[in-house]
1. How many Cβ atoms of partner chains, on average, are near each residue of B:206-213 if near means within 10 Å of its Cβ?
2. If you split all Cα-Cα distances of chain B into 20 Å bins from zero, what percentages do you get per bin, shortest first?
3. Sort by residue number and name the cysteines in the protein assembly as shown that have no neighbouring cysteine Cβ under 4.7 Å.
4. Over the range A:149-316, what is the relative contact order in percent, taking alpha-carbon pairs closer than 8 angstrom and at least six residues apart?
5. Can you divide the C-alpha Rg of the range B:149-316 by 2.2 N^0.38 Å and report the result to two decimal places?
6. Based only on Cα atoms, what Rg/Rh ratio does the range B:172-231 have, Rh being taken as Kirkwood's radius?
7. Distances in nm, one decimal, shortest first, from B:Ala93 to the same residue in every other copy, taking the label point 7 angstrom along Cα→Cβ.
8. Report the relative contact order of chain B, percent, no decimals, based on alpha-carbon pairs under 8 angstrom and at least 6 residues apart.
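Just so you know, all these numbers are worked out from the coordinates, no wet-lab data involved. Treat the numbers as computed from the prediction; the structure is a model and nothing was measured. Cβ placement follows ideal geometry from the backbone for every residue including glycine, while neighbour counts extend to all protein chains displayed.
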There are 2 protein chains.
Amino acid sequence: MGEFDLIARYFTRPVRRAALGVGDDCALLKPAPGMQLAVSSDMLVEGRHFFAGTDPERLGHKALAVNLSDLAACGARPLAFTLALALPQVDAAWLEGFSRGLLQLADAHGCELVGGDTTQGPLNICITVFGEVPTGQALLRSGAQPGDDIYVSGTLGEARLALDALQDQAAAAALPAETLAAARLRLEAPTPRVALGLALRGVASSALDLSDGLLGDLGHILRASGVGACIDTSKTIDLIATSALSISVTGQFDADYLQQCTLAGGDDYELAFTAAPARRGAVAAAAQASGTAVARIGVVEGAPGLRLIDAQGRPVAQRYASFDHFA
Amino acid sequence: MGEFDLIARYFTRPVRRAALGVGDDCALLKPAPGMQLAVSSDMLVEGRHFFAGTDPERLGHKALAVNLSDLAACGARPLAFTLALALPQVDAAWLEGFSRGLLQLADAHGCELVGGDTTQGPLNICITVFGEVPTGQALLRSGAQPGDDIYVSGTLGEARLALDALQDQAAAAALPAETLAAARLRLEAPTPRVALGLALRGVASSALDLSDGLLGDLGHILRASGVGACIDTSKTIDLIATSALSISVTGQFDADYLQQCTLAGGDDYELAFTAAPARRGAVAAAAQASGTAVARIGVVEGAPGLRLIDAQGRPVAQRYASFDHFA
């Protein structure tokens, strides 16, 4: 199968909302009146972002999910995406699975594939996603104010737990098979919090999505907003303890290890956001409307830096490093 | 240097036209009223699209140029781009050169870098470019009509000549050093025909950019338009014979080899387009206004397929294959 057959068979579908899709030099998009276009690109590299041999259907899902997560963090509604794909060889079974996982998630969000590129090379998936947001209403990293509450959606740390278990690291190697399967689903098929992001427009003062770990990513909000924060680690440990994995913090796993997964695990694709205390009711309503749990885990402070405390308000040493692709 | 330092040092610049650039979850773009957004993605892989060790400044130029060429083919004015970059390691000298070549071309076209991604992995450059075009005025592949003239901009085949010479293929191995240097510039630092594309709005009936070779790429126009074409090979040979390389067709090189470079060379990044015979004056004016030579090389016909003729109108056998990444 050649390059153009490959595109035609797996990645070309009728255009719905875009003016022009796959098959010309450019795709044509037109945001509705009063809308800005939100744009984000993420590149996934085999051996770096996913293991060789990862289920292609999950990989297709994840490649789009991590991009939709960026739209969610801006409160943008998904519109379209381009896919650039480097493949070592044309493997029909792999392409069939990959395109199925990719396009199922795309359909679920009304996000259409409008163009891209295919080439031979080490497996690399680069998606650029486009969403719409009313002009001036995008959730940014720069709006956090001292006194704002800090929230996180869903649960954290399971992806890291799965990664460690798959890499046979001591702390996670004892994970029961069933728990690993559930954690692995979080690692390999994350759920972008698009509905929550939309519901938080006009409610959250800042937001971003968690890809490299809570503390490191939260640092981006703090720097962009010129503020600091205090995080209650008795709340963050619940973000993994209350997960579907039902991991007993006092049981099988070392609490410090679970805290590491929660605070600096990476690959969570949950939203972290801030909102004024006066908006607690609106945050709860947004969570309910979007069917997404949110937890209040700390507070924005005027003094720069990130402080951790325990349930009694006592300082907790910060020894969690977040993920850096070149560190 | 970590991932975020790398982005800050080499790729973050003040935003000018975009509403929000590098450093948030998404960039925000807003096409002007009445404008559509033209979008294209191209991925360049080391060893496939460029040799290991290619001058990074030229590579930065080319990575954006091939994307701007897609905008040119649609008659879109460059606006912004995202860059996703997988690097084997952080090499300051390489990044300095790459970002210089990239951003110089970006500046020349008023096209700003608004976001992207960096990660570790086999060298891979994925750019998604955004341009503006008045709604309904984009040049498409599907508008060619029987009787239309077929044109090509600039010159063709030098990139292929350089590629063959660098790969020490017999037919091109004898290329004099000076000629190779000139041909190599075409291969490594192509000129996107943005001004010509803009000038052809409302003039050309169809257009595309030449990346895989004239005959193969022209086939996309013919299929999209449901037409055929007849190409005069005595005109196409001039596309290389009249190039800055001043190659004597009857001299150093076999005419058949040069014709192969011209018709199926690849990596030309010239525009091929069609226009009604009544628009010959308008085409000449567009060429002049944009400072870009154009040559009339054939005619669109109703019967499907691509026919080659010589100067006397006699059929010429078609034995030129265009480039396919998976063939």
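1. If you average over the peptide's residues, the count of other-chain Cβ atoms is 1.
2. Once binned at 20 Å, the Cα pair distances of chain B give 32, 56, 12, 0.
3. A:Cys111, A:Cys230, A:Cys261, B:Cys111, B:Cys230, B:Cys261
4. Result for the range A:149-316 is 42 percent.
5. Here the Cα radius of gyration is 1.01 times the empirical estimate.
6. Numbers: Rg = 15.6 Å, Rh = 14.2 Å.
Over the Cα atoms of the range B:172-231, Rg/Rh equals 1.10.
7. 4.6
8. 22 percent
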